[in-house]
Amino acid sequence: MGEETLLWTQTSSVWSSIHGVHGDLRQYATTQNTIQSYSRVRSKSSKNANRIGLTYDPVQDLVCWSDDSLRAVYCQPRSDMLNLTSSSLRTLLSGIIDVRDIAVDWQTGNIYLANGRSIVVTPSRGHYQDIYKHLIWEGLRKVSGIAVDPNNNKLCWTDTERGRVECSTLLGAGRKQLIDQGHPVGITVVPDTTTIYWVDNLSKTVKGCSYECNNILTYTEITSQITPPRERSLYGIAVSSEMAFVTDTDELAVNVYTVDNRNQRFMRQSKKEIDAIPHQITVISPTSHQPNHDCISKKCQHMCLNDGNNKGICSCMTGFWLKTDSLTCEERDLRFIYTTGSQVVSYVVTINKTDPSTLLVKQTKLSDGGSDVKPLGWHFSNNMLYFGDINKRIMYSGYLTSSTNNFGEHTVNADVQGISVDWLSDNVYWTDKTLGRIMMSYISGRYHKLLISDAGKPTGLAVDSLNRDDLEDGFNGIISKFNKYKH
């Protein structure tokens, strides 16, 4: 097995840091000594931080982590972390919140983020900063754990709120749901055995299955060592060829196991108590990774995503299009859309390539013949426009393309004064001024749902797709404010 490094993120009431041990982890598992008896690994801590996600790139020897309080993702060479050096600390992403876990594709250097209701990918190699792409968002509610196996083109994650474990390719294609029960949180994959492990915080067990997941196995039940036993709160998991580690945010501990592959179970060895709340955890093994991937030589402007079989494709960050050369990216045209009562009109503004100091403006009439068209809504990723006709009590939607603009009707039978679209969860929200309601449905118009009633006379409506956990909970939480101030 040799020397390995075990790292985890942890937070106390006064600081947040990355801690760990380095050496023969089998000895760490069996000794009765506490963690302080071993060589500690600690990054520069911050009293304002809250470090959660954690991953390691063996090609760059780079440790990366997410910080929920500072709203950023950072990376630093492992050797500098051992020496407590901060000068090489690099900010990979800034202004991003609710990143509960991160995982690296070491072949391409891309880092995948469990970002609330979406999965985001960002490149870590080169000198880019704040380049990111929303890869998967449909149907996600609370992504808590994420794991990557570039050798087998596998991306897996947990959706704690929906009780799901899902997998896809590294491009986000071929999405497959493995389970839809329990309370899955941390997740990891072992490429050598093509096995997925995850922590179920409902049953307090570690579960796992093969990549095909024809049979789900329970590897261990984690019981409290406190008498009387109290409720556990399991979070992160890391598994190597011989060892397994699970963090417990309630008992402030790292549970240590040896892996019995023959009988497909974990054998509990010890519980290591620490002096802070642990979150994600990872094992760094002394293995050599020298990728020979298509993305290394491909001259992608923003990022190169792993397409499997050592092939890569260029991709652009959110808000940009891939140009016809399949390498460079172009910012989406600036589009202004407004209503005139009977029409919906679009202005597309682009930079004049022959004279960059001037702009080109193209006016297009998107819709005509309305009786009183006022509210507008926009689906960012699908390039879809929504608008409502107050007199006809109908909402329309359609894709905006260069060739045609066909709009379908949504029979809402409402005095639609405001529309807003949550493009991450594919829901559309609207107000009904006459009846004092706020409604929602899927973007196709199916599954209408009443969110708020007796809301006075609501007109405007706005949704922030990125910076919230659950829109419905938020709406329910402000009903009392509507009732208080509606008069």
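The values are calculated or read from the model by the stated rules, or taken from the named source; none is laboratory data. All values derive from a computational prediction rather than experimental measurement. Glycine also receives a Cβ, built like all others from the backbone with ideal geometry; neighbour counts cover every protein chain displayed.
Residue count for region 298-315, restricted to those that are without any contact (Cβ under 8 Å) to a residue 40 or more places away in the chain and in contact with a Gly (Cβ under 9 Å, 6 or more places away or on another chain): 2.
When restricted to residues that are over 20 Å from D248 (Cα atoms) and touching a residue at least 24 places away in the same chain (Cβ under 8 Å), region 261-283 contains 2.
Here K142 does not fit the description of being in the same structural domain as C64 (by TED's automatic domain parsing), surrounded by fewer than 22 Cβ atoms within 10 Å (Cβ to Cβ), at pLDDT 95 or above and within 20 Å of G236 (Cα to Cα). Among the residues of region 297-329, those identified as under 15 Å from Q107 (Cα atoms) and of a type in the set (A, V, I, L, M) are M303, L305, I313.
Conditions tested, residue by residue: (1) within 28 Å of P150 (Cβ to Cβ); (2) at pLDDT below 80.
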| site | (1), (2) |
| --- | --- |
| L7 | yes, no |
| T11 | no, no |
| V14 | no, yes |
| H19 | yes, no |
| L25 | yes, no |
| Q36 | no, yes |
| S45 | no, yes |
| A49 | no, yes |
| L54 | yes, no |
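Strands (runs of 3 or more DSSP E) fully within region 241-319 that include at least 1 residues being within 24 Å of K154 (Cα to Cα) and of a type in the set (A, V, I, L, M): 243-248, 253-260, 277-284, 303-306, 312-315. Scanning region 145-162 for residues that are in contact (Cβ under 8 Å) with a residue 60 or more places away in the chain, more than 16 Å from Y235 (Cβ to Cβ) and assigned to a loop (DSSP other than H, G, I, E, B) yields a single hit, N153. The set of residues from region 285-321 being at pLDDT below 90 and aliphatic (A, V, I, L, M) comprises I296, M317.
Kindly indicate whether any position in region 263-272 is of a type outside the set (D, E) and out of contact with any strand residue (DSSP E or B) (no Cβ under 9 Å at 6 or more places or on another chain). Explain how you work it out, then say what you get.
The first filter runs over region 263-272 and keeps only residues of a type outside the set (D, E), leaving 263-272.
Okay, now just the ones that are also out of contact with any strand residue (DSSP E or B) (no Cβ under 9 Å at 6 or more places or on another chain), so 263.
Looking for residues that are of a type outside the set (D, E) and out of contact with any strand residue (DSSP E or B) (no Cβ under 9 Å at 6 or more places or on another chain), one finds at least one in region 263-272, hence yes.
Determine, yes or no, whether S425 is within 16 Å of N383 (Cα to Cα) and either assigned by TED's automatic domain parsing to the domain that holds N115 or assigned to a loop (DSSP other than H, G, I, E, B) (or both). It would help to see each step written out before you state the result.
On the way: within 16 Å of N383 (Cα to Cα): yes; either assigned by TED's automatic domain parsing to the domain that holds N115 or assigned to a loop (DSSP other than H, G, I, E, B) (or both): yes.
The answer is yes for S425.
Of the residues making up region 322-339, just one is at pLDDT 80 or above and touching a Gly at 6+ places or on another chain (Cβ under 9 Å), namely T339.
Is it true that some residue in region 156-172 is in contact with an Asp or Glu (Cβ under 7 Å, 6 or more places away or on another chain) and aromatic (F, W, Y)? Yes, region 156-172 contains a residue that is in contact with an Asp or Glu (Cβ under 7 Å, 6 or more places away or on another chain) and aromatic (F, W, Y).
For E231, the requirement of being buried (at least 16 other Cβ atoms within 10 Å of the Cβ), at pLDDT below 90 and in a loop (DSSP other than H, G, I, E, B) is not met.
Every residue in region 320-339 that is β-branched (V, I, T) and not in a loop (DSSP other than H, G, I, E, B), please. Give the derivation first.
Keep residues of region 320-339 that are β-branched (V, I, T), which gives 324, 328, 337, 339.
Once the filter is applied, which keeps residues that are β-branched (V, I, T) and not in a loop (DSSP other than H, G, I, E, B), region 320-339 yields I337, T339.
For (1) without any contact (Cβ under 8 Å) to a residue 24 or more places away in the chain; (2) in contact with a Lys or Arg (Cβ under 6 Å, 6 or more places away or on another chain); (3) small (G, A, S), each residue gets a yes or a no:
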| residue | (1), (2), (3) |
| --- | --- |
| D389 | no, no, no |
| S397 | no, no, yes |
| F407 | no, no, no |
| V412 | no, no, no |
| W423 | no, no, no |
| K433 | no, yes, no |
| R437 | yes, no, no |
| S444 | yes, no, yes |
| G460 | no, no, yes |
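Residues that are basic (K, R) and either outside the structural domain of F407 (by TED's automatic domain parsing) or at pLDDT below 50 (or both) were ranked within region 436-487; the one that is nearest to I394 (Cα to Cα) is K486.
Does any residue of region 395-405 turn out to be assigned to a strand (DSSP E or B) and over 23 Å from R332 (Cα atoms)?
Yes, region 395-405 contains at least one residue that is assigned to a strand (DSSP E or B) and over 23 Å from R332 (Cα atoms).
Looking only at region 108-122, which residues are more than 21 Å from H279 (Cβ to Cβ) and surrounded by fewer than 24 Cβ atoms within 10 Å (Cβ to Cβ)? Matches in region 108-122: G109 only.
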